[in-house]
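Asks: For reference, the structure I am asking about is given below.
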Amino acid sequence: MTGNQQHSEPKHKRDLTRRKVVVAGAGAAVAVGAGATLAAGAFADETSGTATATTSASSTAEVCYKLTSETTEGPYYIDADKLRQDITEDKEGIPLVLNLKVIDSETCKPIRNAAVDIWHCDALGIYSGYESLSTGGGGTAPTDAPTDAPSGTPTGEPPSGAPSGGTGGGGGHEEPTDDERYLRGTWRTDKQGRVTFRTIFPGWYRGRTVHIHTKVHVGGEWTDAGYEGGTTCHTGQFFFDEESVLASAEVEPYSTSTTERTTLDEDTIYDQSGTTGGLLKLKYKKDNIAKGVTGSLTMGVDPDATNEGTSL
């Protein structure tokens, strides 16, 4: 993923036949309230121009929706640690309601009861579970990063999958260094394939554009203990257009960051393909982004595939 030496395979990667989430307290699984109302109709224009309908019996092999781009998992994934929709905890930042829809790219049918993970850094580029690595470099800074970064500047995740200037890469997983789990969560899709999360607009760190990580798991079982078994059919990232990121940079605490920012065009992971590549459709007041943002995206996946994002 970075060109750095690969780490030994963590236990949750070795035991792929059984994955389990720890059910959070009842308060953590409360629906997003006002955010849920924003979900209605959120996908009405999101798929416009992207879906390609099958028009004849002879074209049954064609897909009706482009597969959403697979990307690297990144070093800071923690396997299904919190079953909840509101992942904010006490982190400050611009409110973000994330409305997602998961469909079979071949049939365009919604995929229900899938487990969707999301995780991302806070407003200053720090990842929960890896705070010491995020703030002190810890060997995780990108290979082309400046060596005179101010002390304490978040360096966070390296430009995932960029070996010596390239854009490919695999997945060197880092073991967690602390017990924090803010801005991480897992929730199930409903019968329409939809899932909603409440979080904050992510910040940035050296070497990467603003993004959110995601995984989609299918074929498992929801139990009283959480979600078990199944396979990971999609590993991807969500991205934010430059206009929204520039607007967020004017709002505290984002405005206090002294970290050099990588633009969307410069990023080594985003493939420049718009919504297919994970670019979110965003809605917010142009003159007051601090009031909150709603992001939406339909993910076309192959439920029969396995895409763990550790060997891209």
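Asks: Just to be sure I understand, how many residues within region 196-220 are part of a loop (DSSP other than H, G, I, E, B) and either open to solvent by less than 10 Å² (accessible area, probe 1.4 Å) or free of Cβ contacts under 8 Å to residues at least 40 places away in the same chain (or both)?
Replies: Filtering region 196-220 for residues part of a loop (DSSP other than H, G, I, E, B) gives 201-204, 206-207, 209-210.
Checking which are either open to solvent by less than 10 Å² (accessible area, probe 1.4 Å) or free of Cβ contacts under 8 Å to residues at least 40 places away in the same chain (or both) leaves us with 201-203, 209-210.
Residues meeting the conditions: 5.
Asks: While we're here: Where residues in region 126-150 are among the acidic types (Asp, Glu) and in a loop (DSSP other than H, G, I, E, B), which of them is modelled with the lowest pLDDT? Walk me through it before giving the result.
Replies: Of region 126-150, the ones among the acidic types (Asp, Glu) are 131, 144, 148.
Filter once more, so that each one left must be in a loop (DSSP other than H, G, I, E, B): 144, 148.
Details: 144: 33, 148: 39.
Here the residue is 144.
Asks: Scan region 74-125 for residues that are of a type in the set (Val, Ile, Thr) and outside any strand (DSSP E or B) and report the count.
Replies: So the first thing to find is which residues in region 74-125 are of a type in the set (Val, Ile, Thr), and the list is 78, 87-88, 94, 97, 102-103, 107, 111, 116, 118.
Next, only the ones that are outside any strand (DSSP E or B) stay: 78, 87-88, 94, 107, 111.
Of the residues in that region, 6 qualify.
Asks: Name every residue in region 234-247 that is touching a Ser or Thr at 6+ places or on another chain (Cβ under 7 Å) and surrounded by 15 or more Cβ atoms within 10 Å (Cβ to Cβ), in order of residue number.
Replies: Those that are touching a Ser or Thr at 6+ places or on another chain (Cβ under 7 Å) and surrounded by 15 or more Cβ atoms within 10 Å (Cβ to Cβ): 234, 235, 236, 237, 238, 239.
Asks: Test each condition in (1) part of a loop (DSSP other than H, G, I, E, B); (2) open to solvent by less than 40 Å² (accessible area, probe 1.4 Å); (3) not polar (S, T, N, Q) for residue 308 and report the one that comes out false.
Replies: Of (1) part of a loop (DSSP other than H, G, I, E, B); (2) open to solvent by less than 40 Å² (accessible area, probe 1.4 Å); (3) not polar (S, T, N, Q), only one is false for residue 308: (2).
Asks: Just checking, how many residues over region 248-272 are over 13 Å from residue 208 (Cβ atoms) and surrounded by 13 or more Cβ atoms within 10 Å (Cβ to Cβ)?
Replies: 7
Asks: For residues that are open to solvent by less than 50 Å² (accessible area, probe 1.4 Å) and more than 19 Å from the chain's Cα centre (by Cα), scanning just region 64-103, find the one that is farthest from residue 275 (Cα to Cα).
Replies: My answer is 64.
The values are calculated or read from the model by the stated rules, or taken from the named source; none is laboratory data. Everything quoted here is computed from the prediction, not taken from an experiment. Ideal geometry is used to build each Cβ from the backbone, glycine not excepted, and the neighbour counts take in all protein chains shown. Each accessible area value is taken on the protein alone, full model and side chains, heavy atoms only, with ligands, DNA and RNA left out. Shrake-Rupley method; radii C 1.70, N 1.55, O 1.52, S 1.80 Å.
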